[in-house]
Amino acid sequence: MQKTSLSLLLGLIILVVLLMINISLGSVSIPLKDIFASFFNTEIDKETWRYIILNYRLPKAITAVLVGSGLALSGLLMQTLFRNPLAGPYVLGLSSGASLGVAIVILGGAVFGRFFSALILSKWTLVIAASLGSILVLLAVLATSFRVKDTMALLIIGLMFASLTSAVVSMLSYFSSSESLQKYIFWSFGSLGNLSWQEVFILTVFWSLGVIISIFCIKNLNALLLGETYAKSLGTNLKQNRILVILATGLLAGSITAFAGPIAFIGLAVPHLVRQVISKSDHLVLFPAVAIGGAILMLICDSIAQLPGSNLTLPINSITSLIGAPVVIWLLLRKKKLYF
Amino acid sequence: MKEKTKTKPILQAQELSIGYSDKIVAEDISLKINEAELVAVIGINGSGKSTLLKTLTGNLKCLSGTISIQQKNINEISVQKLSELISIVLTETQFSQNLLVEELVALGRQPYTNWLGQLSNKDINAVKQALQLLEIEDKSKRKCGSLSDGQLQKVFLARAIAQETPLIFLDEPTTHLDLYHKIFVLKLLKTLSRRTNKSIVFATHEINLALQLCDQIILVSNGKVTQKTPEELINSNLLQELFPKDLVEFDAATKNFKVL
């Protein structure tokens, strides 16, 4: 127990250090003492620096923490619910649902006429479209989860929803103009930096709701590590638990995709990385560990995406894949087998 | 026989039909399992042993009839309450190989833990005792993925014991084990039922061993379920009719099956 608490504490310290590094990086270099000055409202060399730190870098760093921890947690939830090491938030078709919503708004504007084009200007339209898309797919999956007895079937249904929506997206892109196609592709790159404080607040509310619901599932998730028959024999209400877990994942992954775009691999890779450090399978331990791990990995990815020392910012979605995919391959080569 | 009259029934089934909506597996079943009894469920492959166990543990709705545990209808017992009455050991399930042995055994305490599943001192003691009983304390920090089939079988049995239920159901607990470990597990079940007053019901293909060790035998064959003591079963001609007569025959004199 002491060893795990120590690992968690160490993780928290690394998280705070990375948070500071992340805030200190950017196209404008700001000395460390001025970063602290802008936090504590003391005298600062340039007022613009305070503005950059408080209104651009800080919300972006907080977004990275929320996105990383939220996606990693929903990955853990999915892996345990489906008892499948390859499960992640995408398996329920949530990201694809969000993509469909955004694609209809951006690309559909070109296809269905000028009706939408006025709306596209607002960023909120994309957020609402992405949320609606995720919620629709989520509702469809929830509806089927009432009928389907086997969670494996649910996994396949989620994947089928994903192919269906991506087919519709392809169709829309085929008929749309290159200008709107570019807009859609930019959204699909993912972005952590576009959020105002108000949006960060809304994301925090959804994140907290998702985390609170999943905390109530901890005991049942532990039972599910033995499979559904054992879980039931230990007093787990399987159906209720399944709905709560899907709801929590939907809130976490759905809101994150809506605000930051589809971000790959964090949900899949982080639980496996954490299992390398923490030997316990108890979700009471895994929950904080995976949340911290996800936030750490997201901050690292975001720091790399900013290409320190240059004005360029790389798309965050490709960075998480560039890091995530080799990590999963490396784990497989080293361990021969991934467990959930 | 005098001893039998003193024992209390813990599980009773009356006029039970088991099966699925499109197929009846067995009908008109009457069973009685007493406290502290070791009961084997035998029958050929596909005869419905598993269906019977699933129905008796409440995992499958019976088609008609009643099952009562401690004089209470199983349909009126909540999932939570049932988890304090029945624990199970299954064959080959997909479970997390990442679980530590002590974690897996501790999951047996779930019916008694708080909403976060935290273990109290009482829970920790129960886990320790179960590990000791099966002589696997030294493996408590090992990952389940690194254990042999026989060791794993013991871990799952320890989990069921830690659940502290008056009834334990096991589905073929001796598959994958060599003869020595088969006998080890079955003798352990016997001692356990005597020492802790638990009723233990297990499905098995080890008819010879079951006849030697069990108090009662439940035979599932041709859509019929019969419950007898080993002596009664040997003296009936039911075992002679269990298998097609071209390869194997039951010899009542030696209480053994003989290859023809």
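Every read-out reported here was derived from the displayed coordinates using simple, explicitly stated rules and does not represent laboratory data. Just so we're clear, the structure is a prediction, and the values are computed from it rather than from any experiment. Reconstructed Cβ throughout: ideal geometry from the backbone, glycine too, with neighbour counts over all protein chains shown.
Couple of notes before you dig in:
- Size descriptor, Kirkwood hydrodynamic radius, that averages inverse alpha-carbon separations across the protein assembly as shown, Å: 27.2 Å
- Divide the volume of the convex hull around the Cα atoms of chain B by the residue count and you get 145 Å³ per residue.
- Nearest-20 debye value, chain A charge dipole, Cβ charges on Lys, Arg, Asp, Glu: 960 debye
- Note on the range B:94-164: along the principal axes its Cα atoms extend 32, 24, 17 Å, ordered by decreasing extent.
- Taking every residue in B:107-118 and counting other chain Cβ atoms within 10 Å of its Cβ, the average works out to 5.
- About the Cα centre, charge dipole magnitude for the protein assembly as shown (Lys/Arg +1, Asp/Glu -1 at Cβ), debye: 480 debye
- Relative contact order of chain A, pairs being alpha-carbon contacts under 8 Å that are 6 or more residues apart, as %: 30 percent
- The residue list A:260, A:76, A:152 was ranked by how far each Cα lies along the charge dipole of chain A toward its positive end, using unit charges on Cβ atoms, and A:152 comes out on top.
- The residue list A:67, A:18, A:187 was ranked by how far each Cα lies along the charge dipole of the range A:2-335 toward its positive end, using unit charges on Cβ atoms, and A:67 comes out on top.
- log10 of Debye I(q)/I(0), alpha-carbon scatterers only, for the range A:2-335 at 0.09, 0.11, 0.13, 0.15 Å⁻¹: -0.49, -0.73, -0.99, -1.26
- Volume per residue of the convex hull around the Cα atoms, evaluated for the range B:1-136, comes out as 179 Å³.
- Structure-based [θ]222 nm, chain B - -39500 (n - 2.57) summed over DSSP H runs of at least 4, per residue, nearest 500: -9000 deg cm²/dmol
- In units of the rule-of-thumb radius 2.2 N^0.38 Å, the range A:217-340 shows an alpha carbon radius of gyration of 1.23.
- Across chain B, the relative contact order, built from alpha-carbon pairs under 8 Å that are at least six residues apart, equals 25 percent.
- Counting only other chain Cβ atoms within 10 Å of each residue's Cβ, the peptide A:36-47 averages 0.
- Of all DSSP beta bridges confined to the protein assembly as shown, the antiparallel ones make up roughly 60%.
- Compared with the dominant Cα axis of chain B, that is its longest principal axis, helix B:149-162 is turned about 80°.
- Selection from B:259, B:99, B:66 lying farthest towards where the dipole of chain B points positive, charges on Cβ: B:99
- About its Cα centre, the range B:1-118 has a charge dipole of approximately 300 debye under the convention of +1 per Lys or Arg Cβ and -1 per Asp or Glu Cβ, with nothing else charged.
- Per residue of A:213-225, other chain Cβ atoms within 10 Å of the residue Cβ number 3 on average.
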